[in-house]
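Down below is the structure, laid out as structure tokens.
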Amino acid sequence: MATITTEQVEARVVETLASFGPDADQITRESTFEELDIDSLDLVELAQVVEDDYGVVLKGEDMKELKTVGDAIDLIVSRAE
Amino acid sequence: MSLPATPVNAGGDLVKRRVVVTGLGAVTPMGVGAAALYERWVAGEVGIVDGAGACTDFEPSELLSVKEVRRLDRFSQFALVAATEAIADAGWEGELPYDPFRTACILATGIGGIQTIENQHDVLRDRGAARMSPLGIPAQMSNAAAAAISMKYGLKGEVFSVISACSSGAHAIGTALRMIQYGDADAAVVGGAEATLTTFGFGSFNAMQALSVTGMSRPFDARRDGFVMGEGAGVLVLESAEGAEARGATVLGEVAGYGSTSDAYHLTAPEPTGEAATRAIALAMADAGVGPDEIDYVNAHGTSTQLNDAAETTAIKRALGEERARRIPVSSMKSATGHLLGAAGAAEAVATVKTLQARIIPPTLGYGVPDPDCDLDYVPGEARPLVMSNGHPPTAISNSFAFGGHNVALLLRGWDS
């Protein structure tokens, strides 16, 4: 598998989250899911996209710890390595 | 925590409170809005195209947020848009005028989120169970619309759905009426919503041979050959009359009576003597304390099926007396919109409240050839003025009858403020 860059993951995560409601330009690495109104159901959908695209399986216990968009990006990149 | 007392009089007897309508909302094949529904029906326009009453004017992305569109099945989208209209109409925007815990929401559906079920079944078949959406169940569940409205407007009293096929919307109104009458709630957002114009929906109703082959909704006409499926929502804001008066609300009408019975006869066919349906109408009149002489209009269930329209005619005659029944105009909204199934009773109540306000009775469109089994005045041709029998506020019955044999009659009355 080709190397996955943080930039690629970030772009995909932002695109996916934006499709859930918040404006894309509102989403930064520092944004918390709470302030973006992204809830546990959205994160399950995000996990499905991540698994399809990167083969990274994120379980409920992984997701529970995530507070910011950056947390999610870092977790995905670390699991994909 | 202080809890409200049950309404009682000086002697300690339970008091039945009067309940008024302060807001109306609708999404129907006639357009978005209660006014579009009533005014277009009065004008003789038909929302049925190619054998279906689809809400083609409804653009969810223009009316709801991205999140709402993604998370709500089409039936809940209709419900939320209609509720938003009704709540604005009642002047409830911004802050609720009642204790949220004393404000209910009963939003009925006959089927629920069938489009979501179909979509998720496609995902299951094509991509496996692990790819099914976490939003599937919360979108398809039949209480989804009630939940969405409660969350958007902070309604914390009794919130749920009721399900009784084509009587669902009317049952929701009747249930909320009882809550407010007897003090379990001070106000309620009530109605029904349905969105079954899917391949599965058409296939299923077609298999029952319930749908019109000609694609025409012609209630009470000898040529009628089945119902035309429609979709949409109707929502009303109800309040205790005393509460509405105290806050200076504009009162649009009164829900004065409710009667509900069951045929206990057949899954789909109405019991032909109309005994239980007759009793539902009689119960609604008794609840309101009015007799047949005070009924000025009947908003019929009138589905355009052979069996319903004949049995309903029988029930109207039995409940009101044959003489009186022949003098009361009876019309069916389904001639304009098709059959909104679980939303029908609510959307038809919306149209009936507007009829009593405007005092113009909309017609049964397409009616032309009389049937000896349907021998009442079905308001053929065009709308006509509502003639009040004697000095009382204009009064109407709105009927709903359902597969399963569930009968509901609502007694709706104009309000002289």
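Considering only the range B:281-302, how many residues are assigned to a strand (DSSP E or B) and surrounded by fewer than 21 Cβ atoms within 10 Å (Cβ to Cβ)?
0
Taking the conditions exactly as written (small (G, A, S) and closer than 30 Å to B:N143 by Cα), does B:A344 satisfy them or not? Judged against the criteria, B:A344 is a match.
Can you confirm whether B:G128 is within 25 Å of B:I173 (Cβ to Cβ) and at pLDDT 95 or above? For B:G128, the condition - within 25 Å of B:I173 (Cβ to Cβ) and at pLDDT 95 or above - is not met. Every listed requirement among (1) of a type outside the set (A, V, I, L, M, F, W, C); (2) within 14 Å of another protein chain (Cβ to nearest Cβ); (3) surrounded by 21 or more Cβ atoms within 10 Å (Cβ to Cβ) is met by B:D126 save one, (3).
Here B:E118 meets each of (1) away from chain A (no Cβ under 14 Å); (2) buried (at least 23 other Cβ atoms within 10 Å of the Cβ) with one exception, condition (2).
In the range B:220-241, the condition of being crowded, with 16+ Cβ neighbours inside 10 Å, touching a residue at least 12 places away in the same chain (Cβ under 8 Å) and among the basic types (K, R) is met by at least one residue. Look through the range A:22-46, keep the residues that are crowded, with 18+ Cβ neighbours inside 10 Å and either assigned to a helix (DSSP H, G or I) or modelled with pLDDT under 95 (or both), and return whichever of them is nearest to the other protein chains (Cβ to nearest Cβ). Among those residues, the one meeting the criterion is A:E45.
Consider B:R131 carefully, then state whether it is surrounded by fewer than 19 Cβ atoms within 10 Å (Cβ to Cβ) and more than 14 Å from chain A (Cβ to nearest Cβ). Explain how you work it out, then say what you get.
Values: surrounded by fewer than 19 Cβ atoms within 10 Å (Cβ to Cβ): yes; more than 14 Å from chain A (Cβ to nearest Cβ): no.
Considered against the rule, which asks whether it is surrounded by fewer than 19 Cβ atoms within 10 Å (Cβ to Cβ) and more than 14 Å from chain A (Cβ to nearest Cβ), B:R131 comes out as no.
So A:V14 clears everything in (1) more than 14 Å from chain B (Cβ to nearest Cβ); (2) within 25 Å of B:L72 (Cα to Cα); (3) more than 12 Å from the chain's Cα centre (by Cα) except one condition, right? Which one? Looking at each condition in turn, A:V14 falls short on (3). In summary, helices (runs of 4 or more DSSP H) completely within the range B:105-193 and bearing 2 or more residues that are under 14 Å from B:A343 (Cβ atoms) occur at B:144-153, B:168-181. For the range B:394-417, the candidate set comprises residues that are touching a residue at least 60 places away in the same chain (Cβ under 8 Å) and part of a loop (DSSP other than H, G, I, E, B); within that set, the residue that is surrounded by the fewest Cβ atoms within 10 Å (Cβ to Cβ) is B:S417. Against the numbered list (1) under 24 Å from B:A349 (Cβ atoms); (2) modelled with pLDDT of 95 or more; (3) not assigned by TED's automatic domain parsing to the domain that holds B:G391, B:L283 comes up short only at (3).
Of note, B:R359 does not satisfy the criterion of being modelled with pLDDT of 95 or more and farther than 30 Å from B:C105 by Cα.
Pairs meeting the criteria (first residue in the range B:64-79 and within 14 Å of chain A (Cβ to nearest Cβ), second residue hydrophobic (A, V, I, L, M, F, W, C) and surrounded by fewer than 24 Cβ atoms within 10 Å (Cβ to Cβ), beta carbons under 6 Å, at least 6 apart or on different chains) are B:R71/B:L135. Under the condition of being among the charged types (D, E, K, R) and within 17 Å of A:I27 (Cα to Cα), the residues counted in the range A:46-80 number 3.
For the residues B:T364, B:T395, the requirement of being in contact with an Asp or Glu (Cβ under 6 Å, 6 or more places away or on another chain), of a type in the set (V, I, T) and within 21 Å of B:E312 (Cβ to Cβ) singles out B:T395.
Within the range A:7-23, can one find any residue that is closer than 25 Å to B:V123 by Cα and among the acidic types (D, E)? Among the residues of the range A:7-23, at least one is closer than 25 Å to B:V123 by Cα and among the acidic types (D, E), which makes the answer yes. Condition check: in contact with a Leu (Cβ under 8 Å, 6 or more places away or on another chain) and within 30 Å of B:V8 (Cα to Cα). Does B:I149 satisfy that? So B:I149 does not fit the description; no. Each residue in the range B:1-51 was checked for being aliphatic (A, V, I, L, M), assigned to a loop (DSSP other than H, G, I, E, B) and farther than 27 Å from B:L96 by Cα, and 5 pass.
Examine the range B:362-375 for a residue that is in contact with a Phe, Trp or Tyr (Cβ under 6 Å, 6 or more places away or on another chain), part of a helix (DSSP H, G or I) and not assigned by TED's automatic domain parsing to the domain that holds B:S142, and state whether such a residue exists.
Filtering the range B:362-375 down to residues in contact with a Phe, Trp or Tyr (Cβ under 6 Å, 6 or more places away or on another chain) leaves B:362, B:364, B:367, B:374.
If we keep only those that are part of a helix (DSSP H, G or I) as well, we get none.
Checking the range B:362-375: not a single residue is in contact with a Phe, Trp or Tyr (Cβ under 6 Å, 6 or more places away or on another chain), part of a helix (DSSP H, G or I) and not assigned by TED's automatic domain parsing to the domain that holds B:S142.
Inside the range A:50-63, can you point out the residues that are assigned to a helix (DSSP H, G or I) and buried (at least 17 other Cβ atoms within 10 Å of the Cβ)?
So in the range A:50-63, the residues assigned to a helix (DSSP H, G or I) come out as A:50-54, A:60-63.
Scanning the range A:50-63 gives A:V50, A:Y54, A:M63.
With respect to the stated conditions, A:L66 is crowded, with 17+ Cβ neighbours inside 10 Å, away from chain B (no Cβ under 14 Å) and over 18 Å from A:Q8 (Cα atoms). Scanning the range B:240-265 for residues that are out of contact with any Lys or Arg (no Cβ under 8 Å at 6 or more places or on another chain) and assigned to a helix (DSSP H, G or I) returns B:G243, B:A244, B:E245, B:A246.
The values are calculated or read from the model by the stated rules, or taken from the named source; none is laboratory data. Everything numeric here is computed off the predicted structure, so don't read it as measured data. As a convention, Cβ positions derive from the backbone with ideal geometry for all residues, glycine included, and neighbour counts pool all protein chains shown.
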